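The values are calculated or read from the model by the stated rules, or taken from the named source; none is laboratory data. The structure presented is a predicted model; accordingly, all values stated were derived computationally and were not measured. A quick note on method: Cβ atoms are made from the backbone with ideal geometry, for glycine too, and the neighbour counts reach across all protein chains shown. For the accessible areas, the whole protein counts, side chains as well, though only heavy atoms, and no ligand, DNA or RNA atoms are used. Shrake-Rupley method; radii C 1.70, N 1.55, O 1.52, S 1.80 Å.
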Amino acid sequence: MSEDGGREGTRRVRALRVVGPDPATPPPPAAPPTTPPVAPPPVRTPPRPHDDAGRRSPHRPGRGTARIPVYPRVPTGPLRLPSTSFAGRPRPGDEEPTTTPQTLPRLVPADLPDVGSEPVEPVGPLPVEDVDLDEGAGERERLRARAEHFTAEDDVLTTARERAAEHGIVPIGAGAAAALTFLASAGRARAVVEIGTGAGIGTVSLLRGMPREGLLTSIDTEATHQRLTRITCAEAGFGSGRVRMITGRALEVLPRLSDSAYDLVLVDAATVEYPRYLAEAVRLLRPGGVVVLDNVCWTGRVTDPARRDAISAALRETVRMVRTDERLAPLLLPVSDGLLCASLLG
């Protein structure tokens with residue numbers, strides 16, 4: 001080794017000695033020994049209680065593990081209260097199924113002087129003719145009146161009724177007139193026959209349901225009735241080309257009309273001729289056509305077997321013919337004085 005190399009090594013050793021810690025300086029105090037943190041033991045959460053059906057009951061931390069009662073489910077919709085009819089009886093389906101029927105005591109006469117002095121025979125059932133078995137008749141009458149005037153008539157039909165009263169004409173009822181408009185509209189009736197013109201109430205009601213290209217043929221023996229009908233049609237806005245008036249007896253005019261050429265036939269004329277009118281109407285109808293007969297109930301006299309007059313007998317025969325004819329699909333509408341309808345099956 002050279003002399004320069006030796007000197008350089010000596011200087012490095014001396015430098016290290018100078019840089020090192022001074023032996024006269026006291027050492028810093030030792031830091032206290034650190035103890036590693038000890039993890040707390042795991043807390044076991046008790047299982048949630050179960051209800052009777054095996055479902056977990058809700059559990060909230062901090063509120064203990066007390067069992068929360070489970071209540072039976074109830075419907076959340078609106079409550080339905082049992083409604084009653086006008087007679088105070090619940091409607092069918094509203095009675096409680098678990099209600100035990102009660103046995104009411106039989107009624108005894110209340111006008112006896114001394115009930116305990118002698119035995120009293122309980123009153124049995126009254127004769128059928130003395131008891132109103134149908135307690136809902138009053139409610140049905142109100143509903144029928146509501147249906148009769150469900151569709152309000154305008155000034156045209158109201159004025160036509162006034163003219164009919166002045167000339168002694170019995171017009172078709174308001175409910176039946178509304179039914180004619182409905183039937184003519186539902187069947188798209190383009191060719192219609194009216195037996196009995198009256199004051200034009202039925203005529204206008206039919207025209208209002210027919211399409212614009214439809215033609216109505218009206219038959220009546222009275223020229224005065226047809227004149228009143230033309231006035232009513234003009235007031236309703238229907239021109240003379242929509243109605244063909246034929247003056248004469250219907251049983252003489254109907255045979256001259258074509259078979260299976262009409263969509264609707266209205267019968268509102270001489271009641272005693274209804275059976276013959278019905279036979280002619282069925283001949284005139286195309287398949288699917290409808291025949292309508294007004295006043296078939298005749299203020300309830302038809303259902304009275306004691307009445308044997310010509311009108312009641314003719315109406316009973318008409319109803320029998322409609323119900324027994326296999327070519328017809330019958331329907332009785334309880335509007336006005338009874339509207340008997342029948343559709344010709346295809």
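Remarks
- Residue list for region 176-230, filter: outside any helix (DSSP H, G or I), aliphatic (A, V, I, L, M) and either open to solvent by less than 10 Å² (accessible area, probe 1.4 Å) or without any contact (Cβ under 8 Å) to a residue 12 or more places away in the chain (or both): Ala189, Val192, Val193, Ile195, Ala199, Leu216, Ile219
- For region 282-289, the criterion of being of a type in the set (D, E, K, R) and either at pLDDT below 95 or under 24 Å from Ala164 (Cα atoms) (or both) is met by no residue.
- Residues of region 304-323 satisfying the condition of being farther than 18 Å from Cys341 by Cα and without any contact (Cβ under 8 Å) to a residue 12 or more places away in the chain: Asp304, Pro305, Ala306, Arg307, Arg308, Asp309, Ala313
- Of the residues in region 295-305, at least one is open to solvent by less than 10 Å² (accessible area, probe 1.4 Å) and out of contact with any Pro (no Cβ under 6 Å at 6 or more places or on another chain).
- Residue list for region 231-271, filter: open to solvent by 60 Å² or more (accessible area, probe 1.4 Å) and either part of a loop (DSSP other than H, G, I, E, B) or in contact (Cβ under 8 Å) with a residue 40 or more places away in the chain (or both): Ile231, Glu235, Gly237, Arg249, Ser258, Asp259, Ser260
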